[in-house]
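A.B. asks: Quick one: this structure, given as structure tokens, is what I'll be asking you about.
The values are calculated or read from the model by the stated rules, or taken from the named source; none is laboratory data. Predicted model, so just to flag it, every value in this text is computed and none were measured. Ideal geometry is used to build each Cβ from the backbone, glycine not excepted, and the neighbour counts take in all protein chains shown. Calculation scope for accessible area: heavy atoms of the full protein, side chains included, ligands and nucleic acids excluded. Shrake-Rupley method; radii C 1.70, N 1.55, O 1.52, S 1.80 Å.
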Amino acid sequence: SKFRAPSAFPPPSAAAPASINPYAAPASNVLPPSSRRLGEHPGFWRRFGAYFIDYIVGSIAGGIIGAVVGFIGGMAGANENVLAICGGLAGLMVSWLYSALMESSATQGTLGKMALGIIVTDMNGDRITFGKATGRFFGKIVSSLILGIGFLMCAWTENKQCLHDMMAGCLLYKKN
């Protein structure tokens, strides 16, 4: 007895267009329909504006955290260098949690992104996970280490993605 393919799965036809051929590999440069209907990708300056707002929010939060860490450490008689390291780590942790929690929440963006009508999605146009948002946050370190070129990439890439967006598999859209 010969092996036969199940009749429920007919062989792909060479004449069938790739868009309806279930056996065709998806084109890597074509976004799924759910992503295309979300609208335009924000450009460099809109993203920069959102970053600037978030920088102000982060500076205020960092100042408050730094003051609390400094006060508590000073009362405990901690070494100045230890206080600086603890303050820096606390600031990094607050920035990471702010970005990752906000971008993976129902708002899909930080306060700066919300103010400028930007949402963060995965490549399918869906809300990102906390893990993906964490990868995007720490990917920004790589974007900045290469003289900021990773941030500028959104000016010339097809989907206006920065390097950290590509690393995390994310897209940004202007909110409709």
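A.B. asks: Leaving ligands and nucleic acids out of the surface, order 127, 46, 136 by accessible area at 1.4 Å, largest first.
C.D. replies: The ordering from most to least exposed comes out as 127, 46, 136.
A.B. asks: Please list, short to long, the whole-number percent of alpha-carbon pairs of the range 58-132 in consecutive 10 angstrom bins beginning at zero.
C.D. replies: Result returned by the calculation: 19, 36, 23, 17, 5, 0.
A.B. asks: In whole Hz, what ³J(HN,Hα) sequence does the range 82-91 give by Karplus (6.51, -1.76, 1.60; θ = phi - 60°), x for Gly and Pro?
C.D. replies: 5, 4, 5, 5, 4, x, x, 5, 5, x
A.B. asks: Could you tally the net charge around residue 107, taking each other residue with its Cβ under 11 Å from the Cβ of residue 107, Lys/Arg +1 and Asp/Glu -1?
C.D. replies: It works out to a net charge of +2.
A.B. asks: Kindly sort 93, 153, 114 by accessible area of their heavy atoms, largest first, with the probe set to 1.4 Å.
C.D. replies: 93, 114, 153
A.B. asks: Now, a different point. Compare 41, 164 by solvent-accessible area with a 1.4 Å probe and give them largest first, with all protein chains kept in place.
C.D. replies: Largest accessible area first, the list is 41, 164.
A.B. asks: Right, something else. With a/c under 1.5 counting as rounded, go ahead and sort the range 92-166 into rounded, prolate or oblate using the C-alpha gyration tensor (a ≥ b ≥ c being the square roots of the eigenvalues; past the cut-off, prolate if a/b is larger than b/c, else oblate).
C.D. replies: It comes out oblate by the Cα gyration axes.
A.B. asks: OK, next. Leaving out same-chain residues fewer than 8 places away, which lysines sit with a Cα under 29 Å from that of residue 160?
C.D. replies: 113, 132, 140, 174, 175
A.B. asks: With the crude spin-label approximation of a point 7 Å out along Cα→Cβ, what separation in nm comes out for residue 144 versus residue 68?
C.D. replies: According to this spin-label approximation, the distance is 2.2 nm.
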